[in-house]
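Right, one structure below, let's go through it.
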Amino acid sequence: SPYSNDSSTPELEKAGLLNKTKIAEGGRKLRKNWNPSWVVLVGNSLVFFKDPKSQTPSSWKPGNSRPESSVDLRGAVVQWTNDLSSKKNVFKLRTVTGNEFLLQSETDSLIREWFNTIHSVINRLDRE
Ligand code: I3S
């Protein structure tokens, strides 16, 4: 099962639909392009899927889907921001490689859960 926690299958920690835009690549600023993204937090990675309709928690299995991109959370930083978007409930995720993403949801509780979960994964990795 995708939810098992044995050595061969990473644990699925969280999955859901968020609004996402990448704002920097390797430290170089990018033009914003907000899109809904199916976001999966598994092990040390945040994985983004382009087509939310084809990805549900029950259909997702590590290794057999086609992620749009994936982010290594080791050394990453998350930070709430009011300055980088006119939208509410936005936080920024920056990777060690200088890739920056904004993640957003209209649902306060949902975006808070995502922030807290990602933050705790980053902290856990920092302590390893
Ligand atoms: O930081 P910006 O430039 O105000 O971001 C807005 C633009 O990316 C805009 O696209 P165009 O430059 O093609 O108009 C988007 O439609 C907006 O959503 C962006 O601002 P918000 O405040 O929504 O992040």
Gyration tensor on Cα atoms of region 68-113, a ≥ b ≥ c root eigenvalues, a/c under 1.5 rounded, else prolate if a/b beats b/c, else oblate, says prolate
Burial order of peptide ranges 82-92, 27-37 (average beta-carbon count within 10 Å, highest first): 82-92, 27-37
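Every number in this text was worked out from the coordinates using simple rules, so none of it is lab data. This is a predicted model, so every value here is computed, not measured. Glycine also receives a Cβ, built like all others from the backbone with ideal geometry; neighbour counts cover every protein chain displayed.
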